[in-house]
Amino acid sequence: MSLVAELNKSPSRRAAAWNPGFAFSIVRSAKRRSVSIEIRRAQVVIRAPVGVAESLLLDFLQQKAAWVKKKIAEQEQHLSTVETPAIPH
């Protein structure tokens with residue numbers, strides 16, 4: 001069973017009131033057939049098909065919150081240790 005079908009089967013009613021503790025954005029696509037969480041440069045993006053309800057996406061994010069927070073922390077640490085290139089004058 002696909003993730004979207006599984007989420008549609010048993011949505012959480014508490015997802016609408018849940019606050020993950022980090023900022024995220026939702027990007028929808030008509031061509032997409034699955035839900036994913038993307039973390040780049042410590043920014044969280046949920047990618048989803050057009051027809052998936054926001055409450056289901058929040059439920060999915062809630063299930064993955066510990067993993068997301070761990071990845072954000074790893075990327076923030078990496079970004080803070082990466083030297084910015086010197087700009088010649």
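What the table shows:
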| item | result |
| --- | --- |
| Under Karplus coefficients 6.51, -1.76 and 1.60, residue-wise ³J(HN,Hα) of the stretch 24-36 in Hz, glycine/proline x | 8, 10, 10, 10, 9, 9, 5, 7, 5, 10, 9, 9, 9 |
| Residue-count net charge about residue 41 - beta-carbon cut-off 13 Å; Lys, Arg +1, Asp, Glu -1 | -1 |
| Global geometry of the stretch 19-77, whether rounded, prolate or oblate, following the gyration tensor of its Cα atoms and the 1.5 cut on a/c | prolate |
| Rounded to 5, percent antiparallel among DSSP beta bridges of the stretch 19-77 | 45 percent |
| Protection proxy ranking, peptides 41-52, 22-33, 68-79, average beta carbon neighbours within 10 Å, highest first | 41-52, 68-79, 22-33 |
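Values quoted throughout were computed directly from the atomic coordinates according to the rules given, and no laboratory measurement underlies them. Everything quoted here is computed from the prediction, not taken from an experiment. Note: ideal-geometry Cβ built from the backbone for every residue, glycine included; neighbour counts use all protein chains shown.
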